[in-house]
Amino acid sequence: MIIPVHEIEDDDSRVFNLYEKREKIYTRKIEGFYQLLRAFTGWPLLLGYFFIPWLTVNDHQAILFDLPLRQFHIFWLTFWPQDFSLLAWALVIAAFLLFFVTTLFGRVWCGYSCPQTVWTAIFMWMEQVAEGDRHQRINLDQAPWSVSKGFKRFAKHGMWLGFAALTGVTFISYFYGVKPLLIDAYNLQLPLAAVFWIGFFTAATYINAGWMREQVCMYMCPYARFQAAMFDSDTLIVSYDAKRGEARGPRKRSAEPAELGLGDCIDCTMCVQVCPTGIDIRNGLQHECINCAACVDACNGIMDKMGYDSGLISYTTEHQLAGNKWTWKRPKLIGYGLALIVMMALFASTLITRVPLELDVMRSRAQLYQEVAGGRIQNTYTVKVLNKDTVDGEYKLTVLGIDNLEWMPSRTIFVEAGGIAEIPMTVLVDTDSLGSVNTDIEFEVISLTGSARAVSESRFLGPVPAGKRL
Ligand code: SF4
Ligand code: SF4
């Protein structure tokens, strides 16, 4: 089937493009209570990101995703690929926590803690340092190229690239180890893969925080799209009180709005100028709004200067705007909260009862069984003992399931912290003790301190016992 394609024309028969052209946003710097609050959430995130790789816990980097050794160190805990179910649960809990917080506070994650927002804020600050305030940046963009303009552009992109590179190097240090990374880089021995990923994350940071900014939130982030599903009439949103603000219009400070038929909005557009996504909150809740409250701070400043009450734009709820009371007794909120409590309790108990020891047994496939001197039957196995603890361990191996079993080696096994011991084992039994050609047996490993035990099941094969038929 052929779908005909038509160009779309406006009333004057001019073809127009349905793709909206991006308009550059020149955000005005704003100070206020919520911007201070954002600094308190953004700075710990930034500092944590850059300094955690320099912390050492139990002789390893505080957070290290050691892919070659398949060990994931997170402070005092070490996880293995076998613990991936825990990671999956942690991600599910994080998702439910996000749903719960979003139902309660709206998109506060976006406005206060999302790395895209925090890094963009830093890049905006650098832009301001290099090119000046909003008006100076608008003028600079319109000005022809000159030495001064070139220098300012160079300074801005230099700072952006420097910070992006620092971000990229730090990100890779969570996988490579910060000290080995710096030593290998100094000796020009960094593997190509590490160089590639540093370059990739540097470029991604530079483009996302420097160039794309609000476009990431508006078009790339899936969270912005499905957040509406978590909102209800009592979710905290940034909202303009149209009843109080309209009709908007300029006036003298001394004027009485009611006499002029005006509301409290003086139409100064400060709320639009400070908005990092370039929207006008007076048009109602829009999916672009990241709940950063820059417009709240801007408008409160204007209200102060005008001698009006603050809160024309504020954190509020649909119910409160309609004159109703806020309530926490909402099915969605209670549902997310209960699910979160149950999952967190299960996760904590799994973590607390997690045994830092693993046993893996593989029967030799080369031979079903072997008859050895003394009429005995021998099976061979490869036994792997994985010490997932942060201290070295000594272990005792036992084989259970058939009377009079013997196994070699029967000595204790030493496994260093985070190490694996691979032991070829021989298990022997008298033919008379075998009741079947195929008997279930169990390997058990116990630490000498008695703090950890692991078991693994296997089979013991032998000939058809005398007097029995297959
Ligand atoms: S900052 Fe406040 S007063 Fe100024 S346009 Fe926005 S809502 Fe109106
Ligand atoms: S409308 Fe207000 S809260 Fe929403 S993104 Fe813009 S400045 Fe932030």
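For Ile8 and Trp328, FRET efficiency with R0 = 41 Å and r from the beta-carbon atoms, rounded to 0.05?
That gives a FRET efficiency of 0.25.
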At 1.4 Å probe size, put Trp145, Trp89 in order of accessible surface, largest to smallest. Trp145, Trp89
Keeping all protein chains in the complex and leaving out DNA, RNA and ligands, what accessible area do you get for Trp43 with a 1.4 Å probe, in Å² to the nearest 10? 130
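Going down the list Lys24/Lys152; Lys24/Lys149; Lys305/Lys325; Lys24/Lys243; Lys243/Lys329, which pairs span over 24 Å between their C-alpha atoms? Walk me through the intermediate numbers first.
Working: Lys24/Lys152 18 Å; Lys24/Lys149 18 Å; Lys305/Lys325 30 Å; Lys24/Lys243 31 Å; Lys243/Lys329 27 Å.
The answer is Lys305/Lys325; Lys24/Lys243; Lys243/Lys329.
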Relative contact order (%) - the stretch 85-204, alpha-carbon pairs under 8 angstrom, separation at least six: 20
Need the list of lysines near Lys396 for cross-linking: C-alpha distance under 18 angstrom, and skip anything on the same chain fewer than eight residues off. Lys384, Lys388
If one compares the long axis through the Cα atoms of helix 294-306 with the longest principal axis of the Cα atoms of the chain, the angle in degrees, nearest 10, works out at 30
What distance in nm separates the simple spin-label points at Glu256 and Phe33, each placed 7 Å from Cα in the Cβ direction? 2.9
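For the stretch 389-470, what's the relative contact order in percent, using C-alpha pairs closer than 8 Å and at least 6 residues apart? List each step's numbers first, then the result.
Working: 145 pairs, mean separation 25.6, N = 82.
Worked out over the stretch 389-470, it gives 31 percent.
As a test of the formula, what do you get for the chain when each DSSP H run with n ≥ 4 contributes -39,500 (n - 2.57) and the sum is divided by the residue count, at 222 nm and rounded to the nearest 500 deg cm²/dmol? Walk me through the numbers before you get to the answer.
Numbers: 14 runs with 176 residues, N = 470.
Value at 222 nm, helices only: -12000 deg cm²/dmol.
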Spherically averaged projected area in nm², based on the convex hull that wraps the Cα atoms of the stretch 357-461: 6.3
Compute the angle between helix 147-176 and the longest alpha-carbon principal axis of the chain, please, reported from 0 to 90 degrees and rounded to the nearest 10. 20
So what's Rg/Rh here for the chain, counting alpha carbon atoms and using the Kirkwood radius for Rh? 1.15
Relative contact order for the chain: what is it in percent, counting Cα pairs under 8 Å that are at least 6 residues apart? 13
Starting from the Cα of Asn404, move 7 Å in the Cα-to-Cβ direction to define the label point; list residues of the stretch 420-443 whose amide nitrogen is under 13 Å from there. 428-435
I need the trypsin sites (Lys or Arg not before Pro) found in the stretch 379-470, filtered to DSSP loop residues with at most 15 other beta carbons within 10 Å of theirs. Arg411, Lys468, Arg469
List, largest first, the extents of the alpha carbons of the stretch 232-321 along their principal axes, each in whole Å. 38, 27, 19
11 Å reach of a label modelled at Gln370, 7 Å along Cα-to-Cβ, counting backbone N of the stretch 426-449: 426-427
Can you give the accessible area of His135, probe radius 1.4 Å, in Å² rounded to 10? 100
Rounded to 10°, Cα long-axis angle of helix 33-51 versus longest principal axis of the chain: 30
Just checking the chain: which Cys have no other cysteine's beta-carbon under 4.7 Å? Cys110, Cys114, Cys217, Cys221, Cys265, Cys268, Cys275, Cys289, Cys292, Cys299
Ranking by accessible area, most exposed first, for Trp109, Trp328, Trp80 with a 1.4 Å probe: Trp328, Trp109, Trp80
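The values are calculated or read from the model by the stated rules, or taken from the named source; none is laboratory data. Please read these numbers as outputs of a predicted model, since none were measured by experiment. Glycine also receives a Cβ, built like all others from the backbone with ideal geometry; neighbour counts cover every protein chain displayed. SASA here: full protein model, heavy atoms, side chains in, ligands and nucleic acids out. Shrake-Rupley method; radii C 1.70, N 1.55, O 1.52, S 1.80 Å.
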